[in-house]
Amino acid sequence: MPRITVTVDGVTYEEDVEPRVLLVHLLRERLGKTGTPVGCDTSNCGACTVLLDGKSVKSCSVLAVQADGCDVVTIEGLGTSGSMHPMQQAFHEEHALQCGYCTPGMVMAAIDLLRENPDPSEETIRQGLEGNLCRCTGYCNIVRAVRRGAQEMGQAVTRS
Amino acid sequence: MTVQEVGQPRKRKEDARLLTGRTQWTDNLTRPGLLHVMFLRSPMAHARIASVDVSAARGMPGVVAAFSGQDFAAEQGSLPCAWPVTEDIVIPDHPPMAVDEVRYVGEAVACVVATDRYRAADALDAIEVDYEPLPAVVDMNEALASDSAKVHEAGNKAFSVTITSGDIEAAFRDAPVVIDRTYVQQRLIPSAMEPRAVMADTDGESFTVWSSTQIPHVLRVMLAVVTGIPEHRIRVIAPDVGGGFGSKLQVTAEEVLCLLLARKLGKPVKWGESRSEGNLTVHHGRDQIQHVRLAADSDGRVRGLQVGLLADMGAYLMLVTPGIPMLGAQMFNAIYKMDAYEFGCTGVFTTKMPTDAYRGAGRPEATFAIERVMDELAAELGMDPIEVRRRNWIRHEEFPYTTISGLTYDSGNYEAATEKALALFGYDKLRAEQADRRDRGDPVQLGIGVSTFTEMCGLAPSRMLGEANYGAGGWEHASVRMLPTGKVEVITGTSPHGQGHVTSWSQIVSDALGVPFDDITVLHGDTAIAHKGMDTYGSRSLVIGGVAVVKACDKVREKARRLAAHLMECSPDDLDFAAGAFTVRGTEQSRTIQELAYAAFTAHDLPEGVEARLDSDATFDPDNYSFPHGTHLCAVEVDTETGMVKIRSYVAVDDVGTVVNPLIVEGQVQGGIAQGIAQALFEEAVYDAEGNLLTTTMADYLLPSAADLPNFTLDRTETPATSNPLGVKGVGEAGTIASTPAVVNAIVDALRPYGIHDIRMPCTPERVWRALEGVRR
Ligand code: FES
Ligand code: FES
């Protein structure tokens, strides 16, 4: 069984994994990182989105062995203890979540979207989040939250 | 000066945990020694099971056990149907795991229990099942033909009802206008983002079941009834639940089987479904063929309405399967006055996944049909669709109004909602643009769709549910406890899964007891904590459960009053209660409710007959349904060359009575509209002629993404309900009910000059294009 070394939310793990094990299952079932949920089996819903070496991936379509030597950030690794990441905060402010199941993936995808486009238009946000499905909100507030998150993050950058 | 909490757009208490991944989805949970369950499912729509051989699976690595239906036959009982809508309804036996015969693709035929999900999946492949194919029954009309193959021994008709009010023959006799249409409510897959999951454990005597369910309380009762395990030995917990929309208002095969597996093995077991498993086996929604006839005078006044439904039950009757079309029985007449009404419905068995509640449940179907037909009437008469509605709707001054179908609408103001919506929408301007595009022969045509909907919410009073032969009550329960330090614990019988009850109930309690919003916690979803409840569905939680919270607070306040009077040596009648304190009228002397909570806790000085607690329970059962309403307007651009439909603007003015939290109400409406649009434009569960579901994945079943939907312009009118002290009406389903006909009306409106008067849902570019091709030829 291959042994991999992977850093998740700042902690480095060494794990023996079967080659077929999905990254999302490694996270959830081995490492106890249940903040990242699974919503489908065809890579359509985006619920499982995490950052792999800084870029968003659907962790249900990455094998754990492919993450060998990589740095993974999940929803649990965002923000600092006691304060949420500006994007998480923006989702709260704009009521951009109801059941919250799509939320971890949505937040991670939104952060990645801003990496490429720090000040996206509504249209860009809608297109950019196409791979993340939400059944509760109708997306209006998610789009608003991403706009707000972008502004907050922009300000955070200029301030520092 | 304290601000009233009810009406404030409070940010949700629920959010922080959900946003940081500290979630308790059932599939996140574990127990020491947890085993994983997987089900083998029938690939055939209809077959006799000749044999199931699990022996090879049993020997595989990591496999603890494997069972067939035969292994459960003696103990698994039959999944319940709690709504026998007629005396002579056929309710077939519904074993959680098929034993002799399978009747839809996806029905469980065997299971594996293993140390992890990968091992369980491997072992499923080793199970051998020998099927003897039987004919699939897919089409409802064919199912009712005398020579059809039978889904069940007793035939393919589950039930049939006709309800008449007024002289329907007279209404149609010599009617200057008769509109006669058939609409198809396609089958939908509810698609909550959290797939179902169940975990069960036992200490040898008692059982705990964790399930991604909307109905922990109903489930507990039903698990006891189905399995024979005494109710007091079953605890059901609904931890975080990721959406439901009716799909988790069910007593499922997997819940029963996981409980039985925990008993068989004496070990904790967990099952988590994959999405493709879920598309096959989470109950589906809608699926009706609606034959609608409407008679009117030449000035547009409606004389009578005749509705005949075929409702696809699927292969079995599940918890409220037959009740779903019947929830529309009194709603087709909607907000309109008429002389006569007839409703007929036949429930039909087919070899497909059973249907059951999906957001709106019976009411979206009814609303769609009537709102489509009202537009057809307007077109027939060359009238504006708003005007036709205005001529027929119940006027504000006519409330309370008893409709032709026998419901009494307590309140409403259709004029106000419509006026507001028209102004926001810019109706006249859009009509002018439409005319212009028509004149120019613009390949992109503009269509305007109207939906002036109402619905019945709350799924209570119990008395009326009893009259409808529903197997449970419609009350709700709440407990409110003042803790020694003055904080408040609220226990609700509702079971939220995204609706924000923790926040809204805190607002209600804050006003009722004068305690700060942040000092209130709300517990729910565990039958050991919330010992009594009817759970969450049918837009009932606030209307019934929220009001139960108010009632419990009232009792707590009266207890506190007696204690305060005793401590301040006055009569309870001399006390004023404001901002969380009792003050002796005309004096400075006062006690806060927090001080009284502490006094009740120490019990050092209680009046005669007062117990050492400041808490109370209450149940609420209203004396009528509630009737939210609203006017939704949709403008679409239809590209007549490609068939592409684009929603250009969408305005919704809803009247849901008093609003507790406008943020949450808006969220419910936005999400609801999106789901209704999804039915109009995108979604359909498709079975082939052999009964195979073709839309088993999210790649095939088109849930809209952010890129597929527009922004919505929302506003409200507030006409308080008179059937409950909060004045609330319910909002969970309104958007879904209203939006589907608004969108389809808009599409048809765009295409009417081409001689097109219907497009079947979902109105995909292909369907629109084909309709246009049909008339171009
Ligand atoms: S779970 Fe990964 S995309 Fe759906
Ligand atoms: S908030 Fe429920 S799926 Fe997005």
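Once Lys and Arg get +1 and Asp and Glu get -1 on their Cβ, which of A:S43, A:V24, A:V57 lies farthest toward the positive end of the dipole of the range A:1-104?
The residue sitting farthest along the positive end of the dipole is A:S43.
To the nearest Å, what is the center-to-center distance of the range A:25-78 and the range B:234-293, using C-alpha atoms only?
Centre-to-centre distance over Cα atoms comes out at 26 Å.
For the modelled label position 7 Å from the Cα of B:E766 along Cα-to-Cβ, which residues of the range B:179-223 have backbone nitrogen atoms closer than 19 Å?
In the range B:179-223, the label zone of B:E766 (backbone N under 19 Å from the point 7 Å along Cα→Cβ) covers B:184-189.
Quick one: what are the phi-derived ³J(HN,Hα) couplings along the range B:337-345, Karplus 6.51/-1.76/1.60 with θ = phi - 60°, whole Hz, x for glycine and proline?
Per residue, the Karplus-derived 3J(HN,Hα) values read 8, 7, 8, 8, 8, 9, 10, x, 8 Hz.
What accessible area per residue comes out for the protein assembly as shown, rounded to a whole number of Å², with a 1.4 Å probe? Don't skip to the end; give the middle numbers.
Details: 32210 Å² over 937 residues.
Result: 34 Å² of accessible area for each residue.
Using the per-residue mean of other Cβ atoms lying within 10 Å as a proxy for protection, in what order, highest first, do the peptides B:123-134, B:312-323 fall? Working shown, then result.
Details: B:123-134: 16.6, B:312-323: 26.6.
Highest to lowest by the protection proxy: B:312-323, B:123-134.
With each label point set 7 Å from Cα along the Cα-Cβ vector, what nm distance links B:T642 and B:H757?
3.1
Quick one: check the C-alpha center-to-center distance for the range B:1-63 versus the range B:456-533, whole angstrom.
That distance is 24 Å.
Taking a probe of 1.4 Å and counting only protein heavy atoms, give the total accessible area buried between chains A and B in Å², rounded to the nearest 100.
Details: alone 8370 and 28180 Å², together 32210 Å².
The A and B chains share an interface burying roughly 4300 Å².
As a quick test, which of the pairs A:K33/B:K270; A:K58/B:K264; B:K420/B:K729; B:K157/B:K729 have an alpha carbon distance above 29 angstrom in this structure? All intermediate terms of the calculation are to be shown ahead of the outcome.
Working: A:K33/B:K270 18 Å; A:K58/B:K264 38 Å; B:K420/B:K729 19 Å; B:K157/B:K729 36 Å.
From the list (A:K33/B:K270; A:K58/B:K264; B:K420/B:K729; B:K157/B:K729), the Cα-Cα distance tops 29 Å for A:K58/B:K264; B:K157/B:K729.
Using a cut-off of 19 Å between alpha-carbon atoms, which aspartates and glutamates can reach B:K267, once sequence neighbours fewer than 8 places away in the same chain are excluded?
The reachable aspartates and glutamates, counting only those whose Cα sits under 19 Å from B:K267, are A:E29, B:D27, B:D71, B:E75, B:D116, B:D201, B:D203, B:E205, B:E254, B:E255.
Please work out whether chain B counts as rounded, prolate or oblate from its C-alpha gyration tensor, where a ≥ b ≥ c are the square roots of the eigenvalues and a/c under 1.5 means rounded, while otherwise a/b larger than b/c means prolate and anything else oblate? Show your work: numbers first, answer last.
Values: a/c = 1.85, a/b = 1.09, b/c = 1.70.
Oblate, because a/c is 1.5 or more while a/b does not exceed b/c.
For B:A145 and B:S55, calculate 0.36 nm times their separation in residues minus their Cα-Cα distance, and state this gained length in nm to one decimal. Mind dumping the intermediate values first?
Numbers: separation 90, 0.36 × 90 = 32.40 nm, distance 4.23 nm.
That works out to 28.2 nm of additional length.
Out of every Cα-Cα pair in chain A, what percent are more than 28 Å apart? Provide the component values of the computation, followed by the final result.
Numbers: 2512 of 12720 pairs.
Cα-Cα pairs of chain A separated by over 28 Å account for 20 percent.
At 222 nm, what value in deg cm²/dmol follows for chain B if DSSP H runs of at least 4 each add -39500 (n - 2.57) and the sum is divided by all its residues, to the nearest 500? If you can, show how the numbers build up before the last one.
Details: 21 runs with 220 residues, N = 777.
Value at 222 nm, helices only: -8500 deg cm²/dmol.
Report, ordered by chain and residue number, the lysines lying within cross-link reach of B:K532, taken as a straight Cα distance under 17 Å and ignoring same-chain residues fewer than 8 apart.
Candidates past the 8-residue exclusion: B:K551.
For the charge dipole of the range B:475-620, defined by +1 on Lys and Arg C-beta atoms and -1 on Asp and Glu C-beta atoms about the Cα centroid, which residue among B:V610, B:H497, B:A565 has the Cα displaced farthest towards the positive pole?
Farthest towards the positive pole: B:H497.
In terms of solvent-accessible area of protein heavy atoms at a 1.4 angstrom probe, what is the ranking of B:R389, B:R613, highest value first?
Working: B:R389 0, B:R613 100 Å².
So, going from the largest accessible area down, we get B:R613, B:R389.
Suppose each label sits 7 Å from its Cα in the direction of the beta carbon; what would the B:A689-B:E205 distance come out to in nanometres?
6.1
Taking the range B:105-213 on its own, what percent of its Cα-Cα pair distances exceed 17 Å?
Values: 4728 of 5886 pairs.
Percentage above 17 Å: 80.
Go through the range B:139-154 residue by residue and turn each phi into a ³J(HN,Hα) via Karplus (6.51, -1.76, 1.60, θ = phi - 60°); whole Hz please, and just put x for glycine and proline.
Values, residue by residue: 9, 5, 5, 5, 4, 8, 5, 5, 9, 6, 4, 9, 6, 10, 2, 6 Hz.
Only Lys, Arg, Asp and Glu count, each charged at its Cβ (+1, +1, -1, -1), so figure out the dipole size of the protein assembly as shown about its Cα centre, rounded to 20 debye.
In total the dipole reaches around 840 debye.
Once the mean 1/r over all distinct Cα pairs of the protein assembly as shown is inverted, what Kirkwood radius in angstroms do you read off? Mind dumping the intermediate values first?
Details: mean 1/r = 0.0344 Å⁻¹.
By the Kirkwood definition, the hydrodynamic radius is 29.0 Å.
I'd like the distance between the alpha-carbon centres of the range B:182-231 and the range B:552-603, rounded to an integer number of Å.
44
Students often forget the sequence filter, so: which aspartates and glutamates lie under 14 Å Cα-Cα from B:K11 once same-chain residues fewer than 8 apart are removed?
Cα-Cα hits under 14 Å: A:E93, A:E94, B:D518, B:E666.
Residues in the range A:96-117 near a label at B:R22, defined as backbone nitrogen under 12 Å from the 7 Å Cα→Cβ point?
Inside the label zone: nothing.
Please list, in order along the range B:102-118, the HN-Hα scalar couplings obtained from phi with the Karplus expression 6.51 cos²θ - 1.76 cosθ + 1.60 (θ = phi - 60°), rounded to whole Hz, x for Gly and Pro.
Residue by residue, the range B:102-118 yields 10, 10, 7, 5, x, 4, 6, 10, 6, 8, 10, 10, 9, 6, 8, 6, 5 Hz.
Please compute, over every Cα-Cα pair in the range B:475-620, the percentage with a separation greater than 21 angstrom. Can you show the working numbers first?
Numbers: 4396 of 10585 pairs.
Here the long-distance tail beyond 21 Å is 42 percent of all Cα pairs in the range B:475-620.
Carbon and sulfur together cover what percent of the accessible area of the range B:444-519 at a 1.4 Å probe radius?
Values: 940 of 1760 Å².
Whole-percent figure for carbon plus sulfur exposure: 53.
Select from B:T592, B:Q434, B:V251 the residue farthest towards the positive end of the dipole of chain B; place +1 on Cβ of Lys and Arg, -1 on Cβ of Asp and Glu, and compute about the Cα centre.
Result: B:T592, furthest along the dipole toward the positive end.
Under the rule of at least 5 residues apart or a separate chain, name every residue whose amide H is placed under 5 Å from the amide H of B:T695.
B:V686
The values are calculated or read from the model by the stated rules, or taken from the named source; none is laboratory data. Given the structure is predicted, the values throughout are model-derived calculations rather than measurements. Positions of Cβ are backbone-derived with ideal geometry, glycine not excepted, and every protein chain shown enters the neighbour counts. Side chains included, ligands, DNA and RNA excluded: accessible areas come from the protein's heavy atoms. Shrake-Rupley method; radii C 1.70, N 1.55, O 1.52, S 1.80 Å.
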